[in-house]
Amino acid sequence: MRIGELLGAGRSADVYALDEKWVLRRYRDGMDATPEWIVMSYLGAHGYPLPRLGPRDAETPPCDLMLQRLTGPTMLDSLLGGGLSAPDAAAVLAGLLAELHTVPARLSPHPEDRILHLDLHPGNVMLTDRGPVVIDWSNTREGAPAADRAMSSLILAQVAVDPRSRAAAGARALLDALLPHLSASGGIPAHHLAEAAAQRAANPTMSPHEVALIGEAASLITELTA
């Protein structure tokens, strides 16, 4: 397999071109992507919009995922470029969360547990010709849907309260538009927001500046949902 040009770099992984149909996602620290591949396979079988998966075998390095090559901007790029409004983006994000939370948990015996993304924000949604597609499933686990709603809201709120971010005003507009959708889906209980804040604070990819914003971001969500 010939690895081509670097197409993108995230906090923990890089994406390389393989050909016109496939890309390779590789974790820099060698993290095993097998659990992610299994969850994505499960969700794909349920019709959830995510990239198609390429084959894996005994010779595939554990840190590699072969994924469908997607064409289109991220929701973040479309928002920043003015091609998508905050209300429209909020409706799409809320719909993606709600659709994900219709998929039963694969392992958990708890009847209310679902598959969670736990990093669903505009940078992880590709707007393709077949509709929005959710990428980057590295944080996925099973649990209460409210945990996913809390995490998506907190990620947006961190940007909204960041005085250094050029996207702060847009993130606030998106958060304002998103929260009513999430309230209608069950809301964000305080203990799930606190859990999301603790998880963000413990995330090794967060800078000290980002970690320092978590408390203010959580307070903003509490204020807006009171």
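List of remarks:
- Among the helices (runs of 4 or more DSSP H) confined to the stretch 144-216, the ones with at least 3 residues that are surrounded by fewer than 20 Cβ atoms within 10 Å (Cβ to Cβ) are located at 168-184, 190-202, 208-212.
- Close pairs (6 angstrom Cβ cut-off, 6 or more residues apart or separate chains): under 16 Å from His192 (Cα atoms) in the stretch 122-147, open to solvent by 40 Å² or more (accessible area, probe 1.4 Å) and part of a strand (DSSP E or B) anywhere: Pro145/Arg114
- Some residue of the stretch 129-143 being over 23 Å from Met40 (Cβ atoms) and modelled with pLDDT of 95 or more: no
- Selection from the stretch 99-143 of residues that are open to solvent by 50 Å² or more (accessible area, probe 1.4 Å) and more than 18 Å from Ala33 (Cα to Cα): Glu99, Thr102, Pro104, Pro109, His110, Pro111, Glu112, Arg114, Asp129, Arg130
- Flag if Pro51 is under 16 Å from the mean Cα position of the chain (by Cα), of a type outside the set (A, V, I, L, M, F, W, C) and in a loop (DSSP other than H, G, I, E, B): yes
- Within the stretch 62-113, the set of residues being under 30 Å from Lys21 (Cβ atoms) and charged (D, E, K, R) comprises Asp64, Arg69, Asp77, Asp88, Glu99, Arg106.
- Residues in the stretch 1-32 that are open to solvent by 90 Å² or more (accessible area, probe 1.4 Å) and in a strand (DSSP E or B): Leu6 only.
- Subset of the stretch 68-88 (residues that are free of Cβ contacts under 8 Å to residues at least 60 places away in the same chain and open to solvent by less than 30 Å² (accessible area, probe 1.4 Å)): Gln68, Thr74, Met75, Ser78
- The stretch 17-26 - residue that is out of contact with any Lys or Arg (no Cβ under 6 Å at 6 or more places or on another chain) and at pLDDT 90 or above and, of those, farthest from Glu59 (Cα to Cα): Ala17
- Yes/no for Glu36 being part of a helix (DSSP H, G or I), at negative phi, among the charged types (D, E, K, R) and open to solvent by less than 60 Å² (accessible area, probe 1.4 Å): yes
- Selection over the stretch 119-137 of residues that are over 9 Å from the mean Cα position of the chain (by Cα) and part of a loop (DSSP other than H, G, I, E, B) gives a count of 2.
The values are calculated or read from the model by the stated rules, or taken from the named source; none is laboratory data. In this text, all values refer to a predicted model and were calculated from it rather than measured experimentally. Every residue, glycine among them, receives a Cβ derived from its backbone with ideal geometry; neighbour counts consider all protein chains shown. Note: areas computed on protein heavy atoms with side chains; ligands, DNA, RNA excluded. Shrake-Rupley method; radii C 1.70, N 1.55, O 1.52, S 1.80 Å.
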